[in-house]
Amino acid sequence: MARAIWKGAISFGLVHIPVALVSATSSQGVDFDWLDSRSMEPVGYKRVNKVTGKEVTKEHIVKGVQYEKGRYVVLSEEEIKSAHPLSTQTIDIFSFVDSEQIPLQNIDTPYYLAPDKRGGKVYALLRETLSKTNKVALAHVVLHTRQHLAALMPLESAMVLVMLRWPAEVRSLDTLELGSEVTKPELAKGELDMAKRLVQDMSADWKPEDYRDSFEDKIMALVEKKANEGKIEDVETATGEEERKTADVIDLTELLKRSLGGKSTGKTKPAAKPAANKKATKTSRG
C-alpha cells in the first residue's frame, strides 16, 4: 500500500473505525526551476517591501488581515495558533445525505481511505451501508491544522474521503448572469435530434490510458534528447524531508451495536464563521 499521509479513525456515534489516509492523486507536469544563467545556481524568491522595493528580513515580517481598504489588523503567531482547530485525529461524521446532493462545484481533493488495525469488518460494513442507501457521509476532519468539510463515499471495494470546499467559497451561478435564451431556450426538435445523433456518433468508453498531457511528453522528450547529447548542467541544491507524525487510534468496534441502537448520535454542527470576517468582507467591498 502507498504510504499513509495521516492515520486516525472514522467516528460516528460510539463507533471508531481505524483508517489510514492515502493520496488518491499524484502531482504531474513539468517542474521548471529558476537558475542563474551565469553560474547555474538556483534562484529563489525574496521578501520585498512593495513600496520601497527593498528586501525585508524575516524578523520584521508580521501577519495582517485587511479589515477595510488600506487598513489591516495585525495578528501575532500566538493569536493565529489559538484559532487553529483542535486536531482530534478523527473523521467526525455529523450527517448522511443523498449522494446526488453534493454539488460538483464543491468537490475538491480526493483521498483513499484504507482500514487500519483490525478495522476491516466495520470499514466494510460502513462502505456497504453507504452503497445500499445511496448516501454519503458528511464529516469534519483536521489536516495540517486546517479544518475541512469532507464527504465519505464508497468506491468499489474501498472508500474515498473527498475534501469539499466550504459553501462560502463557492460562487453562485447567478454570477454568470445567464440570459433567458440559455435558461429557457426555445429549441427545435430537429436541432435536439441532430445534437443527440452527434453525441452518439462520438460516444466511446472511458480509457484513461489514452489520455496524456502532450506538453509534458514533448518537454520530457526534449529533455531526454539534450541529456543524451551531454547538454546537462550541474546544480547544487539542498534537500530535506519533514517527518510526518501519525497517531494510533484504539479500535472500538465493540461499541457498534450500542451506537446503532441509540437514537442520539451526538451530531456536531459545522462551525460558524467569526462575525469579524463577515464584517471585514462587507466593509472591504464598500
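The values are calculated or read from the model by the stated rules, or taken from the named source; none is laboratory data. Owing to the predicted nature of the structure, the values given are computational and were not obtained by experimental measurement. Because the Cβ atoms are built from the backbone with ideal geometry, glycine has one as well, and the counts that use them run over all protein chains shown. Ligands, DNA and RNA are excluded from the accessible area calculation, which covers all protein heavy atoms including side chains. Shrake-Rupley method; radii C 1.70, N 1.55, O 1.52, S 1.80 Å.
Before moving on, here are some points about what is shown:
- When the convex hull of its Cα atoms is projected in every direction, mean area for the stretch 63-154 (nm²): 8.6
- Semi-axis lengths, Å, the stretch 18-111, gyration tensor of Cα atoms, sqrt of 5 times eigenvalues: 37, 26, 16
- Fully extending the segment from Ser180 to Lys121, taken as 0.36 nm per residue of separation minus the present Cα-Cα distance, adds 16.0 nm.
- Fully extending the segment from Met194 to Glu216 would add 4.3 nm, taking 0.36 nm per residue of separation and subtracting the current Cα-Cα distance.
- Amide H contacts of Thr88: Val142, each under 5 Å away and 5 or more positions distant or on a separate chain (H built 1.01 Å from N in the peptide plane; Pro and chain starts excluded).
- Convex hull (Cα only) mean projected area of the stretch 110-243, reported in nm² to one decimal: 17.7
- Solvent exposure of the stretch 15-142, expressed per residue, is 71 Å² of accessible area, with all protein chains present and a 1.4 angstrom probe.
- Estimated translational D of the stretch 108-163 in µm²/s (Stokes, Kirkwood radius over Cα pairs; 25 °C; 0.890 mPa s): 208
- In the stretch 38-154, the portion of solvent-accessible area held by carbon and sulfur atoms comes to 55 percent [1.4 Å probe, whole percent, DNA, RNA and ligands not counted].
- Gyration tensor (alpha-carbon) shape descriptor, the stretch 173-217, a/c threshold 1.5: oblate
- For the stretch 1-141: relative contact order, % (alpha-carbon pairs under 8 angstrom, 6 or more apart): 32
- Here the Karplus curve 6.51 cos²θ - 1.76 cosθ + 1.60, taken at θ = phi - 60°, turns the phi angles of the stretch 79-84 into couplings of 5, 5, 4, 5, 8, 5 Hz, with x standing for Gly and Pro.
- Shape summary: the stretch 143-205 maps onto an equivalent ellipsoid whose semi-axes, from the alpha-carbon gyration tensor, are 37, 24, 8 Å in decreasing order.
- Restricting the stretch 104-169 to trypsin sites (Lys or Arg not before Pro) that sit in a DSSP loop and have at most 15 other Cβ atoms within 10 Å of their own Cβ leaves Lys117, Arg118, Arg165.
- Nearby aspartates and glutamates by direct alpha-carbon distance to Lys63 (threshold 19 angstrom, same-chain neighbours under 8 apart not counted): Glu55, Glu77, Glu78, Glu79
- Relative to the globular-protein estimate of 2.2 N^0.38 Å, the Cα radius of gyration of the stretch 1-59 stands at 2.14.
- Among the listed pairs Lys58/Lys81; Lys121/Lys207; Lys7/Lys81, those beyond 24 Å (Cα-Cα): Lys121/Lys207
- Inter-part distance where the stretch 27-104 and the stretch 206-234 are each reduced to a Cα centre, Å: 31
- Difference of contour (0.36 nm per residue) and Cα-Cα distance, Leu187 to Lys231: 9.9 nm
- For the stretch 1-65, chymotrypsin sites (Phe, Trp or Tyr not before Pro) are listed when DSSP marks them as loop and at most 12 other Cβ atoms sit within 10 Å of their Cβ; the list is Phe32, Trp34, Tyr45.
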